[in-house]
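Worksheet: the structure to be examined is printed underneath.
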Amino acid sequence: MRRALLLAAALFCALPARAQETAGERFRNLPPEKQEELRQRFRELQSLPPEERAQLRRNLQRLETLPPAEREAVEQNYRRFQQMGPEQRREVLQRWQEFKKLSPEKRAELRAQLRRVLSASPAERKQILENMRRWQQMSPEEREQMRQRFRERRQKMKDRRNERLRERRLR
């Protein structure tokens with residue numbers, strides 16, 4: 001959550017001078033409590049180590065150079081992230097730290113899964129995250145048992161589907 005707040009402050013502070021005039025006008029038109037919230041975010045940004053602030057600037061520059069469709073996708077993901085509850089955001093951030101340590105192949109697989117989580121309804125997202133937590137708490141033996149049950153269930157579904165196809169051909 002802190003990174004999301006800092007990113008918003010970085011976006012606000014890193015705008016070109018001409019755009020800051022417009023941002024400054026918008027800032028002055030905000031309610032006092034929103035102004036104070038932005039000031040606090042700015043103070044947090046300023047308190048970061050220089051290398052972390054530099055990384056935020058690089059991220060912002062990368063965002064600004066994205067093609068419009070990709071940038072919109074990133075912004076939409078950010079909005080979805082902001083709509084998550086604090087616990088869900090913490091979970092996502094924790095997973096991100098683990099993600100960065102993985103191989104490129106595993107990261108690609110997990111990116112697809114993350115898109116599924118982000119595009120899910122809040123109720124579905126909650127269920128997915130709960131399943132992930134349960135999976136993490138299982139022992140390797142329990143996980144293997146669950147994998148075996150899943151394989152058996154999938155095979156039964158495949159068998160039923162094939163049986164229905166055979167029945168249709170016989171008609």
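The values are calculated or read from the model by the stated rules, or taken from the named source; none is laboratory data. Remember, it's a predicted structure, so these values are computed and weren't measured experimentally. All Cβ positions, glycine included, derive from the backbone under ideal geometry; neighbour counts span all protein chains shown.
Conditions (1) at pLDDT below 90; (2) at negative phi; (3) not aliphatic (A, V, I, L, M), marked per residue:
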residue	(1), (2), (3)
R43	no, yes, yes
Q46	no, yes, yes
E51	no, yes, yes
R58	no, yes, yes
L63	yes, yes, no
E72	no, yes, yes
Y78	yes, yes, yes
Taking helices (runs of 4 or more DSSP H) that fall entirely within the stretch 101-171, which contain at least 1 residues that are in contact (Cβ under 8 Å) with a residue 40 or more places away in the chain and either under 30 Å from N77 (Cα atoms) or under 16 Å from the mean Cα position of the chain (by Cα) (or both)?
-> 104-119, 122-137
Would you check if R149 is modelled with pLDDT of 90 or more and more than 28 Å from E87 (Cβ to Cβ)?
-> yes
Do you know which of the residues in the stretch 82-108 that are surrounded by 12 or more Cβ atoms within 10 Å (Cβ to Cβ) and among the charged types (D, E, K, R) is nearest to E70 (Cα to Cα)?
-> R107
Members of the stretch 76-100 that are more than 11 Å from the chain's Cα centre (by Cα) and over 18 Å from E124 (Cα atoms) | Q97, E98, F99, K100
For A14, state whether it is modelled with pLDDT under 90, closer than 30 Å to E130 by Cβ and not β-branched (V, I, T).
-> no
Sole residue being free of Cβ contacts under 8 Å to residues at least 24 places away in the same chain and not in a loop (DSSP other than H, G, I, E, B), chosen from E44, E64 | E64
Subset of the stretch 67-82 that is in contact with a helix residue (DSSP H, G or I) (Cβ under 8 Å, 6 or more places away or on another chain) and without any contact (Cβ under 8 Å) to a residue 40 or more places away in the chain - its residue that is farthest from L129 (Cα to Cα) | R71
Take E109 and decide whether it is more than 30 Å from R133 (Cα to Cα), at pLDDT 85 or above and not aromatic (F, W, Y).
-> no
